[in-house]
Amino acid sequence: MSDGGDAQRREIVDLDRRHVWRPYTPMGPWIERGDPLVIERARGARLFDVDGRSYLDANASWWVATLGHNHPRLVDALTRQAERACHVTLAGVAHEPAARLAEELCAIAPPGLSRVFYSDDGSTALEAAIKMAIKLFRNEGQPGRTRFVALGDAFHGETLGVTALGGVDLFRRPFDAVLMQCHHVPAPVDASEEAAARAGDALDALLADVGHEVAAVVVEPLVQGASGMRIHAPSFLRRARAACDAAGALLIVDEVFTGYGRTGTFWAVDQAGIRPDLVAIAKGFTGGILPMAATLATDRVFDAFLGEPARAFHYGHSYCGHPLGCAVAREVLAVMREEQVVEGVAARAERIAASFQRMGAMPGARGARCIGMIGAVDLAPDASYLGEVGWRASAEARRRGVYLRPLGDVVYVAPPINIALGDLEELLEVVEASVAHALAV
């Protein structure tokens, strides 16, 4: 560590402690003894700190850097667009990046999705979807359909509307008094067909009772990320689609985390062969370069807003469809297509699965599970978001050169989906050693 790097680190950490309110962080302990990485630059699967060390990013920086950090083609697309126009409103204005991106999204979207509504992040993409669902039924003469159904342990974002959809008590309970009505049904407990069937039966039973008041069912397809990387079978999505059809409700699919190749197919719903009514996308949408999101809708949804002006979707964000984000999002699609990124997932997924199978066999570990570019294992009998065992693994991984942010007692990896095989093998080796260390303490 150089003296210059040490001084720079101390200054940045001091400023952070004095002024920054950090996300998902108990600030008292942080101010007293927080010891963060201080990152100076990032490239590919690696973060580089001011002390001159590099760290493999096991979590793609909250799942956004799906093509690695600072992919040169994405940076170039950003630079080229910045020389032309950074931001213009979509209110009464059209521009090529937004129009071309919408065309390209509809071409690769699950069948039937033909309209694109832009927003800022995953929360706002879901917020737009739930508002679309409510007003659709109002426009169609069913104003009583204002309730939603989501899964237990679900997480769909942070804005107040989507907080109601969340099934993680720690995140939702403080706001219960002001949230809209949302029913939660038990999620499948694992990826078995039996678990999918039980969850499907619970959903059927609920909708048989209150389905006439439900605007939409909202699901994270195949993987519930923030709840601990809980994986379910594609058959549950087919049950959810059928249940929505029977109840006359919409199906909203949250592909913010699972889309863009993370589960091994471009969309997670591809593995179930279903047609959602609305799909939310964000995170990897712009490859970690800029905030940007979209809500994809069917013609049926879009057409419900046609007619007199009062029927229109009166909703939007200042930066929705901004040219910079659209240009980068188009380049993400080009990179994925031309570099065959999704096609490369299978070889990487095999390595992740083998590694987590070994971790799951360690004394004290349980529930190892994998899908595509996701691997997870519980390090405590009743794994908790507030648990500490995963943080012991995180500290050891940092010492060994890997940035690993656990979900409490759950250790997981979700690296860039195009991570070099050599980097992936190094990352998994460190994670295995770190999990073994945490379990031995």
| said: Based on alpha-carbon centroids, what's the gap between the stretch 243-264 and the stretch 149-171 in Å, whole number please? | reply: 15 Å
| task | Would you mind computing, in nm to one decimal, how far apart the modelled labels at Glu140 and Ala246 are, each placed 7 Å from Cα along Cα→Cβ? | result | 1.8 nm
| What length, rounded to one decimal in nm, is gained on full extension from Val178 through to Trp21, with 0.36 nm per residue of separation minus their alpha-carbon distance? | 54.1 nm
| message | Quick check: pseudo-label points 7 Å beyond the Cα along Cα→Cβ at Asp14 and Ala420, how many nm apart are they? | response | 3.8 nm
| query | Against the longest alpha carbon principal axis of the chain, how many degrees, from 0 to 90 and to the nearest 10, is the axis of helix 193-210 turned? | reply | 40 degrees
| request: Go through the stretch 1-97 and name the chymotrypsin sites (Phe, Trp or Tyr not before Pro) that are in a DSSP coil and have 12 or fewer other Cβ atoms within 10 Å of their Cβ. | output: Trp21, Tyr24
| query | What's the local net charge at Gly112, with K and R +1, D and E -1, over the other residues with C-beta under 10 Å away? | reply | 0
| query | FRET efficiency for Lys131 and Gln340, Cβ-Cβ distance as r, R0 = 45 Å, nearest 0.05? | reply | 0.75
| request: Report the charge-dipole magnitude of the chain in Debye, nearest 20, computed about the Cα centre from +1 at each Lys and Arg Cβ and -1 at each Asp and Glu Cβ. | output: 300 debye
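When the accessible area of the stretch 345-398 is split by element with a 1.4 Å probe, what percent falls to carbon and sulfur?
54 percent
Take every DSSP beta bridge with both residues inside the chain and express the antiparallel ones as a percent of the total, to the nearest 5.
65 percent
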| task | Have a look at His317, His184, His71 and tell me which one the Gaussian network model of the chain (Cα, springs below 10 Å) gives the largest fluctuation. | result | His317
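What value does the stretch 284-441 have for Rg/Rh, both radii from Cα atoms and Rh as Kirkwood defines it? Show your work: numbers first, answer last.
Details: Rg = 20.7 Å, Rh = 18.4 Å.
Dividing the radius of gyration by the Kirkwood radius yields 1.13.
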| note | the chain: relative contact order from alpha carbon pairs under 8 Å, six or more residues apart, as a whole percent, is 20 percent
| message | Using only the alpha-carbon atoms, how far is helix 72-82 inclined from the longest principal axis of the chain? Give it as 0 to 90 degrees, nearest 10. | response | 60 degrees
| message | Test of understanding: in a Gaussian network model of the chain with alpha carbons linked when under 10 Å, which of Ala361, Ala177, Ala187 would top the mean-square fluctuation ranking? | response | Ala177
| message | Give me the dipole magnitude in Debye, nearest 20, for the stretch 50-207 about the Cα centre, with unit charges on the beta carbon: positive for Lys and Arg, negative for Asp and Glu. | response | 560 debye
| Between Val332, Val88, Val223, which gets the highest mean-square fluctuation from a Gaussian network model of the chain, Cα cutoff 10 Å? | Val88
| said: Could you check the spin-label model distance between Asp303 and Thr79? Points 7 Å from the Cα along Cα→Cβ, value in nm. | reply: 4.7 nm
| Calculated FRET efficiency for the pair Arg311/Glu104, C-beta based, R₀ 30 Å, to 0.05 | 0.60
| Net charge of neighbours whose Cβ lies under 14 Å from the Cβ of Tyr24, counting Lys and Arg as +1 and Asp and Glu as -1 | +1
| Listed candidates [x] 151; [y] 214; [z] 171 - label of the one calculated as volume of the Cα convex hull per residue in Å³ | [x]
| task | Identify, among Val93, Ile108, Ile252, the residue whose Cα sits farthest towards the positive end of the charge dipole of the chain, taking +1 on the Cβ of Lys and Arg and -1 on the Cβ of Asp and Glu, with the dipole about the Cα centre. | result | Val93
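Determine the relative contact order of the stretch 189-266: mean sequence separation of Cα pairs under 8 Å and six or more apart, normalised by residue count, in whole percent.
Rounded, it is 38 percent for the stretch 189-266.
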| query | Do the sum for the chain: with -39,500 (n - 2.57) for every DSSP H run of n ≥ 4, divided by all residues, what is the mean residue ellipticity at 222 nm, to the nearest 500 deg cm²/dmol? | reply | -12500 deg cm²/dmol
| remark: In Å, the C-alpha Rg and Dmax of the stretch 126-256 are 13.7, 40
| Where the only charges are on Cβ atoms (+1 Lys, Arg; -1 Asp, Glu), what is the dipole of the stretch 159-238 about its Cα centre, to the nearest 20 debye? | 260 debye
| Mind checking the angle between helix 323-338 and the chain's longest principal axis? C-alpha axes, 0 to 90 degrees, to the nearest 10. | 80 degrees
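The values are calculated or read from the model by the stated rules, or taken from the named source; none is laboratory data. If you're wondering where the values come from, they're calculated on a predicted model, not measured in any experiment. Every residue, glycine among them, receives a Cβ derived from its backbone with ideal geometry; neighbour counts consider all protein chains shown. Ligands, DNA and RNA are stripped out before the accessible areas are found, and what is left, the full protein with its side chains, is counted by its heavy atoms. Shrake-Rupley method; radii C 1.70, N 1.55, O 1.52, S 1.80 Å.
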